[in-house]
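Engineer: Provided herewith is a single structure, encoded as structure tokens, for subsequent inquiry.
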Amino acid sequence: MKPVAFFFACLFSYVSHAQVWAPTGATWHYGFFIPFNTTGYVHFEAVGDTMIDGQTTRKITRTTHYYNGDTQQYGSFEMSPVFSHADAGIVWIYVPDSASFDTLYNFNAGPGDRWQLAPMPQPVVCYPESRMDVVDTGTTLLNGVLLRWLAVDVHYIGDFNEQVLPDTIVERIGSTAFYMLPHDFCNGFVDGAEGGGLFCYQDAQVDYLHPLFDDCVNGLGLEAGPVPQTLSIYPNPGNERIQFSGAPDGRPLHVRFTDPLGRIVADGTATRTEGFDVSSLPTGLFHCTIKDNSGVSLYSGPWIKQ
């Protein structure tokens, strides 16, 4: 059985219960970045119901908050809302380009089942054939609420052939590793925006914080009145070696990578000219922190190993 990427102290066998998706007032916080100069988060909020083609759907607004390191300016802007609803264990999302609903998550699925990623936003880099394969299922008790989860392999298919990344999909919360809109993982590398991982989810009953982060807004350097990063890392995702932008030549940097449980998986020193070897890390999502030799934090954020 494949290890599950979502960790809680108590796991329970499946029991039948009604799924709740996007209750009014629910919020998600996701990472936001534009390579080399801008970092922040996207605030999703379920604000109420609306009708689309006779179907009652939940309207979920999106607001981006960011810091631009080049201009040293903070800002925010509204993005187009998302419309979604759940029925009999399946979460549907409205796809404006096709004026129809597509499967976002299927909590009735079992190991071996799969579905194509909903084309939200319209695929640009990854092909429409990209999919989720279910490898394990179960339930967990979070804040006294029993929730189903699906351990999945997400197959991103494109000109780069195929990249397979693990994720865990949880009722109410959705993806615990990636963005709610599945194709933004790929499109973010073209439009330079969104695509960041989940920081936290909150509603009236459930409060979930991703183990990589300390609170809902500081995972990418925005702490109670955003604090800019003084350097950035690239490529992200990457494979063999990361490099640093904004770090002075020759000055030693202390680089550390932790896994979703907070365990240190790589730790060492580097310089901008040398970069940092990440070839030994397995495929997946990690958290990277970089400090100077006096302990001052220079960077803190998610990084994906291809």
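Engineer: Sort 173-182, 129-138 for me by packing, meaning the mean count of neighbouring Cβ atoms within 10 Å per residue, highest on top.
Structural biologist: For the peptides 173-182, 129-138, the packing ranking is 173-182, 129-138.
Engineer: Taking the mean number of other Cβ atoms within 10 Å as a proxy for protection, how do you rank 147-156, 205-214 from highest to lowest?
Structural biologist: Top of the packing list down: 147-156, 205-214.
Any read-out appearing in this document is the output of simple, stated calculations on the displayed coordinates, not a laboratory observation. Quick caveat: nothing in here was measured; it's all calculated off a predicted structure. A quick note on method: Cβ atoms are made from the backbone with ideal geometry, for glycine too, and the neighbour counts reach across all protein chains shown.
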